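Asks: Shown below is the structure under consideration.
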Amino acid sequence: MQASEKSYEVRNLIGGSWESGDGRETEPVYDPATGEVIGGTPLSTKEDVDRAVKAAQAAFEGWSKTPVVQRIQVLFRYKMLLEEHFEELRDLVTLENGKDAKDAGGEVRRGIEVVEFACGMPSLLMGESVRDVARGIDNVSYRYPLGVVAAITPFNFPCMVPLWTLPVAIGAGNAYILKPSERTPLSAIRLGELLAEAGLPNGVFSIVNGAHDAVNGILEHPGIEAVSFVGSQPVAEHVYRHGAAHGKRVQALAGAKNSMIVMPDAVLDKAVPNIVSSAYGNAGERCLAGSVLVAVGEVADEVVGKIREAASAMKVGPGYEEGSELTPVIRASHRDRVRSYVDLGESEGAEVVLDGREPPLEEGFFFGPTILDNVTGDMRVAREEIFGPVLSVVRVESLDEAIEFTNGSSFGNACSIYTENGAAVRYWRENVEAGMLGVNIGVAAPMAFFPFNGVKDSFYGDLHATGKDGVRFFTENKVEISRFLSEPGTTEAVRLPTESGA
Ligand code: NAD
C-alpha cells in the first residue's frame, strides 16, 4: 500500500496484480476522528468482478491440488507476518474505523486466532468412515474445496471479519475474493499484501473494492460457488435471497439488538464497567454491543445511576490518542442517524437521562454517550439497531419479563446476564432466543474455534462463520462406498444392500 501523510491509494488485487482505480468513481475514505479524507475507494463494476473470478478460477486449479500440508505452510508464515505487523495493522484499523488501540488490537488478535485455527486444516478436513457397512464394503467421506468463493464485509471490523473466513476458505483449498467495506478498505489491502509475502500463489486471494454493484456482481456471477456476508440486516437478507436465487451457498451474518439483563444480585462494581464498555466501546458500533439494559427489580435506579456516572466521565477523543474512551462513529451521516434515533426515543416517551446529541468535539464524527431510560418494548429505540453510543434502559420486575422482552426482538445475535445465581443463568440460557451468550460478560466474543452463532434475523443461512461450521461452509463432501472384487474368499459374500434386497 502506498501511504504518505495519511493518504492511501485503494487498489484492487486481481490475479496477483494491484490495480489502481483507473478513473472509476470513488467513495471517500475518512479518518473519522478528524473528518479528513485519507483515500478513495474505487467503485468496481461487474466486469471487474468477472475478471477477478476468471483469475481465481485459473488459480484454483493448482491451489486445490496443492496438498493441504503445503497449503498450511503459507498460513503458518502468514501468522508470523501478522504478528510482526500487529501494531501496524492495529493502527490502520484505528485510522480508518476510529476505534481505540485496545479494541483495534483486540480485533487483530481475534483475526490472527482464525489463521491459527486454519493451520490445523489437515485435521479439520478429515472426513468420516465406517468399514463394513455390508460385508466387505466400506463407506468413507472426503472433503473438497468448492472452487471460487467470496466474502463481503462490513466497516466495523475491517481486519477481523475478513479473517473470519479468508484463512479457512483458502486453507481448505478454495480461491477467495474479498469485497471489503467501501468505508474501510485499507486493512484488507494490507492483509492482501502480507498474504502475498507469505507465498500465496497469485489469484488465490483477490480484492474487488466497491459497493452494491460489486456485491451484485458477486451474487450473480455463475463462477462463484459460495458467499459469506457480514453486515446490516436488510443487506444480509438481500444477499441471502439474491445469492440463493443465483444458486449459491450463502451465509449472511446480520444486525443486532442485544440485551444485557442485570439481576438484583449482580456484582455492580464489576458489572458496571463491563456494561459501559459493551455499550460504548467502539462507539457502540459492534454487532455484539449491549444496546439495551434490562434492569430487573430494585437494582434499576442504582445501576442506571452508576452507568450514567461512568459514561459521563468517559474521555471522548480519537482512537489513536492515549486514554480516549469514547471514539468517533464512522461517518457524519451515521452520526446524524444516531441523533435522529435519540430524537425519536424522546418523542416515543423515553427519558434522555444522558444526552450526547451535542457533538462533544468540533472535529470528526463524535457523538456523546447517551442513555434513554424508561424505554418499553413497543418503542422503536427498543427494537431497532442504532449502532452508536446509545444505551436504552428497560425496567422489568422479573427474569421472566426480562426474557420476554428480549425474545420480543426480531434479532437474536447475543444476550448477556449479570448475576451470581447459577439457577437464574440456567433458566435464562434455556429460554432466551439468542445465539451468543455472555454470563457477567457484556460482549460474548466470538472465538475462532466456535461458530459465530447469531439466530433469528441476525443470521441468514445454515452453517455459521468460524469453527467447524466455517470449514463445512467452504467444503463439499464426496461420499464413497467401495468393495474390491478380487479380495480372496469374499467375492461371493459381497453384496450391496440394494443387491441383497435390503
Ligand atoms: P452494511 O450492510 O451497510 O455493509 C456491509 C457490506 O454490504 C459492505 O461491504 C457494503 O458495501 C455492502 N452493501 C451495503 N449496502 C448494500 C446494498 N444496498 N446492496 C449491496 N451491498 C451493499 O453494513 P455496515 O454498516 O458496513 O456494518 C454494520 C452492520 O454490520 C451492523 O448492522 C452490524 O450489526 C453488522 N455486523 C454484524 C456482524 C455479525 O456477526 N452478525 C458482525 C459485524 C457487523
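The values are calculated or read from the model by the stated rules, or taken from the named source; none is laboratory data. Predicted model, so just to flag it, every value in this text is computed and none were measured. Cβ placement follows ideal geometry from the backbone for every residue including glycine, while neighbour counts extend to all protein chains displayed. In case anyone asks, the SASA skips ligands and DNA or RNA and just uses the protein heavy atoms, side chains included. Shrake-Rupley method; radii C 1.70, N 1.55, O 1.52, S 1.80 Å.
Asks: Looking for something away from the ligand (no atom under 15 Å from the Cβ), open to solvent by less than 10 Å² (accessible area, probe 1.4 Å), among the hydrophobic types (A, V, I, L, M, F, W, C) and under 25 Å from Ile330 (Cβ atoms) - is there at least one such residue anywhere in the range 194-211?
Replies: Yes, that holds for at least one residue.
Asks: Considering the range 213-261 alone, what residues qualify as being free of Cβ contacts under 8 Å to residues at least 60 places away in the same chain, touching a strand residue (DSSP E or B) at 6+ places or on another chain (Cβ under 7 Å), of a type outside the set (Gly, Ala, Ser) and open to solvent by 10 Å² or more (accessible area, probe 1.4 Å)?
Replies: Matches in the range 213-261: Lys248 only.
Asks: Which residues, taken from the range 452-481, are polar (S, T, N, Q), more than 13 Å from the chain's Cα centre (by Cα) and open to solvent by less than 30 Å² (accessible area, probe 1.4 Å)?
Replies: Here is the first cut: in the range 452-481, the residues polar (S, T, N, Q) are 453, 458, 466, 475, 477.
Remaining after also requiring more than 13 Å from the chain's Cα centre (by Cα): 475, 477.
Result: Thr475, single match.
Asks: All but one of (1) without any contact (Cβ under 8 Å) to a residue 60 or more places away in the chain; (2) open to solvent by less than 10 Å² (accessible area, probe 1.4 Å) hold for Pro264; state the number of the condition that does not hold.
Replies: Looking at each condition in turn, Pro264 falls short on (2).
Asks: Being in contact with a Cys (Cβ under 8 Å, 6 or more places away or on another chain) and either within 8 Å of the ligand (Cβ to nearest atom) or closer than 29 Å to Ser409 by Cβ (or both), is that true of even one residue in the range 155-163?
Replies: yes
Asks: Does Val130 count as in contact with a strand residue (DSSP E or B) (Cβ under 6 Å, 6 or more places away or on another chain) and free of Cβ contacts under 8 Å to residues at least 12 places away in the same chain?
Replies: Yes: the conditions hold for Val130.
Asks: Taking the condition among the small types (Gly, Ala, Ser), open to solvent by 10 Å² or more (accessible area, probe 1.4 Å) and within 30 Å of Gly147 (Cβ to Cβ), does Ala101 pass?
Replies: So Ala101 does not fit the description; no.
Asks: Here's another thing I want to ask about it. So Ala434 clears everything in (1) farther than 19 Å from Tyr280 by Cα; (2) assigned to a loop (DSSP other than H, G, I, E, B); (3) out of contact with any Gly (no Cβ under 6 Å at 6 or more places or on another chain) except one condition, right? Which one?
Replies: With (1) farther than 19 Å from Tyr280 by Cα; (2) assigned to a loop (DSSP other than H, G, I, E, B); (3) out of contact with any Gly (no Cβ under 6 Å at 6 or more places or on another chain) applied to Ala434, the lone miss is (3).
Asks: Let me ask something else. I'd like to check something: does the range 56-68 contain any residue that is closer than 30 Å to Ser7 by Cα and in contact with a Gly (Cβ under 7 Å, 6 or more places away or on another chain)?
Replies: yes
Asks: While we're looking at this one, here's another question. Looking at the range 225-236, which of the residues that are more than 15 Å from the chain's Cα centre (by Cα) and outside any helix (DSSP H, G or I) is nearest to the ligand (Cβ to nearest atom)? Give the derivation first.
Replies: Looking only at the range 225-236, we keep the residues that are more than 15 Å from the chain's Cα centre (by Cα), and these are 225-226, 234.
Now narrow it down to the ones that are outside any helix (DSSP H, G or I): 225-226.
Numbers: Glu225: 19, Ala226: 16 Å.
Top of the filtered list is Ala226.
Asks: Additional query: Among Val272, Val239, Val250, Val276, which is in the same structural domain as Gly217 (by TED's automatic domain parsing), modelled with pLDDT of 95 or more, aliphatic (A, V, I, L, M) and assigned to a helix (DSSP H, G or I)?
Replies: Values: Val272 fails: in the same structural domain as Gly217 (by TED's automatic domain parsing); Val250 fails: assigned to a helix (DSSP H, G or I); Val276 fails: in the same structural domain as Gly217 (by TED's automatic domain parsing).
Going through Val272, Val239, Val250, Val276 in turn, the sole match is Val239.
Asks: Next question. Looking at (1) open to solvent by 10 Å² or more (accessible area, probe 1.4 Å); (2) within 20 Å of Val342 (Cα to Cα); (3) not acidic (Asp, Glu), which one does Lys315 not meet, given that it meets all the others?
Replies: Looking at each condition in turn, Lys315 falls short on (2).
Asks: Evaluate the following for Gly15: is it more than 30 Å from Glu321 (Cβ to Cβ), free of Cβ contacts under 8 Å to residues at least 12 places away in the same chain and surrounded by fewer than 17 Cβ atoms within 10 Å (Cβ to Cβ)?
Replies: Judged against the criteria, Gly15 is not a match.
Asks: What are the residues in the range 1-54 that are of a type in the set (D, E, K, R), outside any loop (DSSP other than H, G, I, E, B) and touching a Leu at 6+ places or on another chain (Cβ under 8 Å), if any?
Replies: Result: Glu19, Glu27, Asp31.
Asks: On the basis of being more than 11 Å from the ligand (Cβ to nearest atom) and not small (Gly, Ala, Ser), does Pro222 make the cut?
Replies: Taking the combined requirement at face value, the residue satisfies it.
Asks: Need at least 3 residues that are among the hydroxyl-bearing types (Ser, Thr, Tyr) and at pLDDT 95 or above per element, so show me which strands (runs of 3 or more DSSP E) inside the range 55-171 make the cut, counting only ones lying wholly within it.
Replies: In the range 55-171, 137-145 are the strands (runs of 3 or more DSSP E) which contain 3 or more residues that are among the hydroxyl-bearing types (Ser, Thr, Tyr) and at pLDDT 95 or above.
Asks: From the set of residues in the range 330-369 that are assigned to a strand (DSSP E or B) and without any contact (Cβ under 8 Å) to a residue 40 or more places away in the chain, which is surrounded by the fewest Cβ atoms within 10 Å (Cβ to Cβ)?
Replies: Per the stated criteria, the residue is Glu351.
Asks: In the range 290-305, which residues are open to solvent by less than 10 Å² (accessible area, probe 1.4 Å) and closer than 24 Å to Gly319 by Cα?
Replies: Matches in the range 290-305: Gly290 only.
Asks: Scan the range 36-74 residue by residue and report those that are open to solvent by 30 Å² or more (accessible area, probe 1.4 Å) and in contact with a Phe, Trp or Tyr (Cβ under 7 Å, 6 or more places away or on another chain).
Replies: The answer is Glu36, Val37.
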